[in-house]
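Report on one structure; see the data block that follows.
The values are calculated or read from the model by the stated rules, or taken from the named source; none is laboratory data. Only a predicted model underlies this, so the values are computations on that prediction, with no experimental measurement involved. For neighbour counting, all protein chains shown are included, and Cβ atoms are generated from backbone atoms with ideal geometry for every residue, glycine included.
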Amino acid sequence: MQPHWRQCALGILALLLVNLLGARIPLLIRDGIDELQVTFGFDQIAQYSLVVLVLASVMWILRMASRIFLFGVGRQVEFDLKQRIFQHLLTMEPSYFATNTIGELISRATSDVDNIRRLLGFAVLSIANTLFAYAFTVPVMLSLSVRLTVVALLVYPVMLVLVRLFSDRLRNQQLRVQESTSRLSELIQEDLSGISLIKIYAQEDNERQAFAELNDDLLDANLTLARTRNTLFPLLGGLASISLLLILATGAGAIADGFLSVGDFVAMVLYVERLVFPTALLGFTITAYQRGEVSIDRVEAILMSQPKIADAPTLQALPGDAIRGQLEARNLMFTYPDSQEPALNGVSFTAYPGETVAIVGPIGAGKSTLANALPRLLDIAPGQLFLDGQDITQLPLVDLRSAIAYVPQESFLFSTTINNNIRYGEPLAELSEVKYAAKLAQIAPEIGNFPIQYDRVVGERGITF
Ligand SMILES: Nc1ncnc2c1ncn2[C@@H]1O[C@H](COP(=O)(O)OP(=O)(O)OP(=O)(O)O)[C@@H](O)[C@H]1O
Ligand SMILES: [Mg+2]
């Protein structure tokens, strides 16, 4: 919230003023009522009513302002977080996405961020509002009648105990909901990507079953959470109302005994009502808070992960156009993190500029591993691979990678035009260059078959091809 502290401060200031005014209005009503018992005049009532109306209107405007400011901060933080998560994911190496599935990451970047927004908007507003309500109301209540105040606040410790009793349970159940949601989105993502495979092997029924199980789990998690919440919230609301009941019961006696004026009594009732609402809302606040807490942990796990492959602190810039393209491997070793056997074991060779070199070998020999090592898609140790005599781990990643043209084993197309896909690595390329590249790749005739040719949009992963 730090970048938006001004807006936060304004929102909280507005809440402060709202509660100051809110603590004032019952006193005005008390004065009005007490005066009515002495003299009765419509003018007086009209005067009091007018003042109350004006104060209440100002309160309403200020309350609106506080919501605009604080909910606005929530939205801003949501925006910032999404931006940061996406930016961070772009820096992570490919192997990160093998251990963190896309469905899981999407659910963290959307539904968890949503929870954080609610924590920073609604929960902050509600907590500040409750604190101010108590801070300004309780002293005035005490000045009216200590006995009635004590009676009214009698149930509040019980509320706090209840909240404490429930909070661990709520937190765990919330975590389970978030995890179930993630698993479900993971399955959707995976199944829709592998839809052809599911159909070829006629596994629709099995997948439906797997989905039903996860969906069932989510339903169960949601219902369990709802049960806990629906036990706690009405209990809080009910307890808050009991304090009103206690005031009514003891207040009547106090008036009869002459300890309390009718005006004081009405003011007390109004004050207790002022406290009932924020207190009854405490349940929602706690949920928003705990949801947000769980989600902050889940989002933080993404942001805290360090990219394994990054620019070294001691960088040597490549001489731009002057790259000759001499590639050398010196006793290159590479072992995948979760594997015992090295995939590359002491590979040494030199490919000179202008040479065409083919690396040939049986399945699993390590050809793709070697190809991925050159642009540092894999985390290889220094001192093993050299471009023009320079250790590639000491070169800026951008320089190294833009010096390499790469045709992956599995082709991938973005859901945009053919034109944009071909010039993906060189977004400013002219159409003539794109056409030339297509001709070299021998795909120009096929593209010519589409009515709008290079402007044709290909589906995600190029499904329309
Ligand atoms: N992400 C990975 N995690 C762990 N081991 C891997 C991973 N990718 C490949 N391997 C292992 O590394 C070895 C080399 O695999 P690689 O994909 O480089 O072989 P390849 O020569 O390209 O095979 P192909 O001819 O099938 O393309 C294999 O034993 C493979 O099982
Ligand atoms: Mg391969």
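If F265 meets every condition in (1) part of a helix (DSSP H, G or I); (2) surrounded by fewer than 19 Cβ atoms within 10 Å (Cβ to Cβ) apart from one, which number is that one?
Exception for F265: condition (2).
Yes or no: L62 of a type in the set (A, V, I, L, M), modelled with pLDDT of 90 or more, in a helix (DSSP H, G or I) and within 30 Å of L260 (Cα to Cα)?
no
I309 passes all but one of (1) within 16 Å of ligand 1 (Cβ to nearest atom); (2) assigned to a strand (DSSP E or B); which number fails?
(2)
For S107, indicate whether it is in contact with a Gly (Cβ under 6 Å, 6 or more places away or on another chain), assigned to a helix (DSSP H, G or I), touching a residue at least 12 places away in the same chain (Cβ under 8 Å) and of a type in the set (S, T, Y). Break it down stepwise before answering.
Numbers: in contact with a Gly (Cβ under 6 Å, 6 or more places away or on another chain): no; assigned to a helix (DSSP H, G or I): yes; touching a residue at least 12 places away in the same chain (Cβ under 8 Å): yes; of a type in the set (S, T, Y): yes.
Spelling it out, it is not the case that S107 is in contact with a Gly (Cβ under 6 Å, 6 or more places away or on another chain), assigned to a helix (DSSP H, G or I), touching a residue at least 12 places away in the same chain (Cβ under 8 Å) and of a type in the set (S, T, Y).
Step by step: first the residues of the range 69-99, then only those that are polar (S, T, N, Q) and touching a residue at least 60 places away in the same chain (Cβ under 8 Å), then the one that is nearest to P337 (Cα to Cα). Which residue is that?
Residues of the range 69-99 that are polar (S, T, N, Q), as a first pass: 76, 83, 87, 91, 95, 99.
With touching a residue at least 60 places away in the same chain (Cβ under 8 Å) added as a condition, the list becomes 76, 91, 95.
Numbers: Q76: 39, T91: 19, S95: 9 Å.
Top of the filtered list is S95.
Restricting attention to the range 367-383, which residues are within 16 Å of ligand 1 (Cβ to nearest atom), closer than 16 Å to R330 by Cβ and more than 36 Å from the chain's Cα centre (by Cα)?
Residue satisfying the conditions is L370 alone.
Restricting the search to the range 327-366, which residues are part of a loop (DSSP other than H, G, I, E, B) and more than 8 Å from ligand 1 (Cβ to nearest atom)? Can you show your working first?
As a first pass, look at the range 327-366 and keep what is part of a loop (DSSP other than H, G, I, E, B): 335-343, 352-366.
T335, Q340, P342, Y352, P353, G354, E355, T356, V357, A358, I359, V360, listed by residue number.
Among all residue pairs at least 6 apart or on different chains, which show Cβ distances below 7 Å where the first residue, located in the range 358-378, is near ligand 2 (Cβ under 10 Å from one of its atoms) and the second is of a type in the set (F, W, Y)?
T369/F334
Go through (1) under 28 Å from I188 (Cα atoms); (2) in contact (Cβ under 8 Å) with a residue 40 or more places away in the chain; (3) surrounded by 14 or more Cβ atoms within 10 Å (Cβ to Cβ) one by one and return the number of the condition S126 breaks.
(1)
Is there any pair with a first residue in the range 382-410 that is within 16 Å of ligand 2 (Cβ to nearest atom) and a second that is not basic (K, R) whose Cβ atoms are under 7 Å apart and which are 6 or more apart or on different chains, and what are they?
Final answer for the pair search is Y406/P375; Q409/S368.
Test of understanding: among A23, A56, which residue is modelled with pLDDT of 90 or more, surrounded by fewer than 16 Cβ atoms within 10 Å (Cβ to Cβ) and assigned by TED's automatic domain parsing to the domain that holds F265?
Working: A23 fails: surrounded by fewer than 16 Cβ atoms within 10 Å (Cβ to Cβ).
From the options A23, A56, the qualifying one is A56.
Does E446 satisfy the criteria of being within 16 Å of ligand 1 (Cβ to nearest atom), free of Cβ contacts under 8 Å to residues at least 40 places away in the same chain and exposed (fewer than 14 other Cβ atoms within 10 Å of the Cβ)? Give the steps one after another, and end with the answer.
Details: within 16 Å of ligand 1 (Cβ to nearest atom): no; free of Cβ contacts under 8 Å to residues at least 40 places away in the same chain: yes; exposed (fewer than 14 other Cβ atoms within 10 Å of the Cβ): yes.
Taking the combined requirement at face value, the residue does not satisfy it.
Among the residues of the range 83-98, is any more than 20 Å from the chain's Cα centre (by Cα) and either assigned to a helix (DSSP H, G or I) or not assigned by TED's automatic domain parsing to the domain that holds I12 (or both)? Reasoning before the result, please.
Initially, the range 83-98 is screened for residues more than 20 Å from the chain's Cα centre (by Cα), giving 93-95, 98.
Subsequent filtering for residues that are either assigned to a helix (DSSP H, G or I) or not assigned by TED's automatic domain parsing to the domain that holds I12 (or both) retains 98.
Yes, the range 83-98 contains a residue that is more than 20 Å from the chain's Cα centre (by Cα) and either assigned to a helix (DSSP H, G or I) or not assigned by TED's automatic domain parsing to the domain that holds I12 (or both).
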